[in-house]
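The values are calculated or read from the model by the stated rules, or taken from the named source; none is laboratory data. What you see is a predicted model; the values in this text were computed from it and never measured. Here the Cβ positions follow ideal geometry from the backbone for every residue, glycine too, while neighbour counts run over all protein chains shown.
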Amino acid sequence: MQSQRATAAPIPGTNEIHSGVGVLDKTVKILDALEAGPSTLGQLVTATGLARPTAHRLAIALERHRFVVRDQHGRFVLGSRFAELAAAAGEDRLLTAAGPILQTLLDRTGESAQIYRRQGDQRVCIAAVERASGLRDSIPVGAMLSMEAGSAAQILLAWEDAERLHQGLRHAKFTAAKLATVRKRGWSESINEREESVCSISAPIRNASGQVIAAISISGPTGRMGTAPGRRYAPLVMAAGKYLTDALAKASSGHIAQ
């Protein structure tokens, strides 16, 4: 006689979706439960109807991939990986608006301009314009840079959750106090931090939910930009970041309305 494994009864009031891939359906149950807020393992078992070892195994696997993290009480909560994927999904809209703004920033400051997005433990340049001549900080689209130095790295780390902020500061050339200043004033600068004789100024680009999804920057030689470039250039970089933030919010509301 063929034995059958007992399956948990559907949770009353829910509409379960069966994809035909059992482990995927169970994983989605975990994520659906965490959408309501932090959960202990016992609460996950109750909410999903999964066996305790199964719920634990899937939650730990999701944690390894950063779809799930632990809060200060050891409860499971949704992780930052979702925000990263959302940022990637919105990248096309950002790039559509970015070109003219980067060119305007170059025209007004005379310095190369870039947009960076965090990708794991690094940051990637997703858009850039460069000076036509003279000394310049040349960073091509697709270039991967460290999250340990530079004004864009400061922006991309400053608004992270406490755990990722702590991890990111372990080997960084900037401090927690500096990131607190970045959050307060809304822009960052680095001087000889990423590379000798190079400085940069960055500001955040936010999505419609207010999350920082990218950093817009200008960079160039310290000899031309000076030893306190933020005083001169920060208002222009912040204005460019706000314009792109507003453009993303407008695009998002238009998408929802359709």
**Asked** Assuming Ala203 fulfils every condition listed in (1) assigned to a helix (DSSP H, G or I); (2) under 14 Å from Trp187 (Cα atoms); (3) among the aliphatic types (A, V, I, L, M) apart from one, which condition is it?
**Response** (1)
**Prompt:** Are there any pairs, at least 6 apart or on different chains, whose C-beta atoms fall under 8 Å, with the first in the stretch 216-229 and within 17 Å of Ala149 (Cα to Cα) and touching a residue at least 12 places away in the same chain (Cβ under 8 Å) and the second acidic (Asp, Glu) and not in a strand (DSSP E or B), and if so, which?
**Reply:** Ile218/Glu111; Ser219/Glu111; Ser219/Asp137; Gly220/Glu111; Gly220/Asp137; Pro221/Asp137
**Message:** Filter the stretch 115-157 down to the residues that are within 16 Å of the chain's Cα centre (by Cα) and polar (S, T, N, Q) and list them by number.
**Reply:** Gln119, Gln122, Ser146, Ser151, Gln154
**Asked** Would you say Thr40 is polar (S, T, N, Q) and modelled with pLDDT of 90 or more?
**Response** yes
**Prompt:** Would the stretch 180-188 turn up any residue that is in the same structural domain as Ile115 (by TED's automatic domain parsing), touching a Lys or Arg at 6+ places or on another chain (Cβ under 6 Å) and under 19 Å from Gly230 (Cα atoms)?
**Reply:** no
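Residue by residue through the stretch 43-82, note down the ones that are assigned to a helix (DSSP H, G or I) and among the hydroxyl-bearing types (Ser, Thr, Tyr). Please lay out each step first, then the result.
First, the residues of the stretch 43-82 that are assigned to a helix (DSSP H, G or I): 43-48, 52-64, 81-82.
Within the stretch 43-82, Thr46, Thr48, Thr54 qualify.
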**Prompt:** Applying the selection to the stretch 178-205, what residues are free of Cβ contacts under 8 Å to residues at least 24 places away in the same chain and within 28 Å of Val68 (Cα to Cα)?
**Reply:** Ala180
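Is it the case that the stretch 211-225 has a residue that's assigned to a helix (DSSP H, G or I), at pLDDT 95 or above and either in the same structural domain as Leu102 (by TED's automatic domain parsing) or out of contact with any helix residue (DSSP H, G or I) (no Cβ under 6 Å at 6 or more places or on another chain) (or both)? Don't jump to the end; show me each part of the working.
Keep residues of the stretch 211-225 that are assigned to a helix (DSSP H, G or I), which gives 222-225.
Narrowing the set further to residues that are at pLDDT 95 or above leaves none.
For the stretch 211-225, residues assigned to a helix (DSSP H, G or I), at pLDDT 95 or above and either in the same structural domain as Leu102 (by TED's automatic domain parsing) or out of contact with any helix residue (DSSP H, G or I) (no Cβ under 6 Å at 6 or more places or on another chain) (or both): absent.
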**Message:** Could you go through the stretch 160-167 and let me know if any residue there is of a type outside the set (D, E, K, R), part of a helix (DSSP H, G or I), in contact with a helix residue (DSSP H, G or I) (Cβ under 6 Å, 6 or more places away or on another chain) and surrounded by fewer than 24 Cβ atoms within 10 Å (Cβ to Cβ).
**Reply:** no
